[in-house]
Amino acid sequence: STMRKKKTTDSPPSSTDLSEGKEKLRLKQEVGLISGVSLIAGTMIGSGIFMSPEWVLHHMGSPASSLLIWAACGLLAMFGALSYAELGTIIKESGGEYIYILRIFGSFPAFLFAYTSVILVRPAGLAAVCLSFAEYAVAPFYPGCSSPQVVIKCTAAACILLLAIINCLNVRLATSVMNIFTAAKLLALLVIVVGGLVLLAKGQTQSFQHAFQNTTAGIGAVGVAFYQGLWSYDGWNNLNYVTEELKKPEETLPRAMMIAIPLVTCLYLLVNMSYLAAMTPSELLSSGAVAVTWGDKVLGSWAWLISLSVALSTFGSSNGTFFSGGRVCYIAAREGHMPDILSMAHVRCLTPSPALMFTSAMSLIMIISGSFISIVNFFSFIAWLFYGMTISGLLYLKIKKPELPRSYKVPIIIPIIMLMAAVYLVLAPIIDQPQTEILYIVLFILSGIILYFPLVRFKCHPHFLQRVTLHLQLFLEVASTTTDAN
């Protein structure tokens, strides 16, 4: 059938069928500790740290309170990652939130997550980051004026197509790209950090005098400031999407998180201090692109390096988003919640190429039809809605199923704090400033009900889809991951 319902007794595909002695087709386990750290840090460090600081400051009103928000966002990301690390050692399957919701709450809520994530959330996130990359990549060719939207969108589309080719060819090639670009962006951030420390050593501390003056205390404003900061931290959960491709996942998963997230948090705080050392709060608020303004003030004729660094940073982040996003589509199809063709892997490259191509196509549609602002809008609302559901699943397992084997345990207070934060981040904007767009998002999620019952629950599949699947399988040279590799 075009969609398959996986039996509840199934386990993740193993490299060998012991009963038959035949090697099974599966994705390669090529993501080690360094690649894991690169995947997390490389995805987290995108355009956010170069664009969001002015908006966090705008909503919080003072430099000190904005720095507290950045620190709190890092702590929240760390709490979330530690909670997900325990989930990843209990349920050792790829798919992130999708597979955890499926195994804990069942098929229906998991389908709603997969439907929303595969069609809207993941392609939207990828499109937004690629548009951000395109804006910085083409900016040097249009000095003194804004770049044409057609050129930006074409560049973003080219970026997505290049990432699709890289990720479809080889997992090792994709992880190598992540490692290289993560190193490049860390170097760029270190330049900003060192420049800021030099300025502070010279006594440029005027932004930190009366640092809490004009602080905003409104619930809605703080919630929106968190949204802006957390956009920069998004990606802390990406390693859980590729658990089956990790070398020794029970060790690599928690270790990579404990290295990457504190590293990114410290860098973000130091970079924000560097911005405030180079600019007054009013100058920072009036800046269209904080990092570029910093480069003009501190680096002078070398300011072009910052634009290049942001372009490299966003490209690396796009690769990480693409790498993990395609896996959600692949795992959902493997579980019978998406068309069967999306659960297949290339017979030679051993990559989930159909799922990656589908993610690319959806992202291209969003680039053509939308802008950066419209695509990013309310991304956090959907993300934290499902983060909260996943964390509540962990609490259920800790209370009701403590006997389940796990190599790592997080103190129960951490997921409780995480769940409270998720509830706050979902409800605060609705209560403080209700907007009709949130209603549209909820309606889109609920529209999955119309598809779930006929296609998944009752398996009403048109017969012509089987023929289409067969032709696509031959054309793309892909096979099911339960197929004999020989």
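The values are calculated or read from the model by the stated rules, or taken from the named source; none is laboratory data. Only a predicted model underlies this, so the values are computations on that prediction, with no experimental measurement involved. Because the Cβ atoms are built from the backbone with ideal geometry, glycine has one as well, and the counts that use them run over all protein chains shown. Accessible surface is based on the protein model in full, side chains and every heavy atom, while ligands, DNA and RNA are left aside. Shrake-Rupley method; radii C 1.70, N 1.55, O 1.52, S 1.80 Å.
Here the condition is being open to solvent by 20 Å² or more (accessible area, probe 1.4 Å), in contact with a helix residue (DSSP H, G or I) (Cβ under 9 Å, 6 or more places away or on another chain), modelled with pLDDT under 90 and not hydroxyl-bearing (Ser, Thr, Tyr); of Leu57, Leu27, Leu33, Leu82, it holds for Leu33 alone. The number of residues in segment 231-250 that are touching a helix residue (DSSP H, G or I) at 6+ places or on another chain (Cβ under 8 Å), in a helix (DSSP H, G or I) and open to solvent by 10 Å² or more (accessible area, probe 1.4 Å) comes to 3. If we scan segment 89-99, do we find a residue that is assigned to a helix (DSSP H, G or I) and either on the phi > 0 side of the Ramachandran plot or open to solvent by 10 Å² or more (accessible area, probe 1.4 Å) (or both)? Checked against the condition, which is being assigned to a helix (DSSP H, G or I) and either on the phi > 0 side of the Ramachandran plot or open to solvent by 10 Å² or more (accessible area, probe 1.4 Å) (or both), segment 89-99 yields at least one hit.
The residues on offer are Ser232, Ser309, Ser287, and the sole one that is under 17 Å from Ile192 (Cα atoms), touching a Lys or Arg at 6+ places or on another chain (Cβ under 8 Å), touching a residue at least 24 places away in the same chain (Cβ under 8 Å) and of a type in the set (S, T, N, Q) is Ser309. Screening segment 111-213 for helices (runs of 4 or more DSSP H) wholly inside it with 1 or more residues that are open to solvent by 50 Å² or more (accessible area, probe 1.4 Å) and either in contact with a Cys (Cβ under 8 Å, 6 or more places away or on another chain) or on the phi > 0 side of the Ramachandran plot (or both) returns the ranges 149-169. Of all residues in segment 334-365, those being open to solvent by 40 Å² or more (accessible area, probe 1.4 Å) and without any contact (Cβ under 8 Å) to a residue 24 or more places away in the chain number 1. In this structure, is Leu82 without any contact (Cβ under 8 Å) to a residue 24 or more places away in the chain and over 21 Å from Leu163 (Cβ atoms)? No, not satisfied.
The residues listed here are Thr293, Thr280, Thr314, Thr265; of these, the one that is under 24 Å from the mean Cα position of the chain (by Cα), among the β-branched types (Val, Ile, Thr) and open to solvent by 10 Å² or more (accessible area, probe 1.4 Å) is Thr265.
Conditions (1) of a type in the set (A, V, I, L, M, F, W, C); (2) within 30 Å of Glu93 (Cβ to Cβ), marked per residue:
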| position | (1), (2) |
| --- | --- |
| Leu230 | yes, yes |
| Ala278 | yes, no |
| Ser286 | no, no |
| Ile306 | yes, no |
| Gly320 | no, yes |
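Evaluated against (1) open to solvent by less than 80 Å² (accessible area, probe 1.4 Å); (2) in a loop (DSSP other than H, G, I, E, B), Lys459 falls short on exactly one condition, (1).
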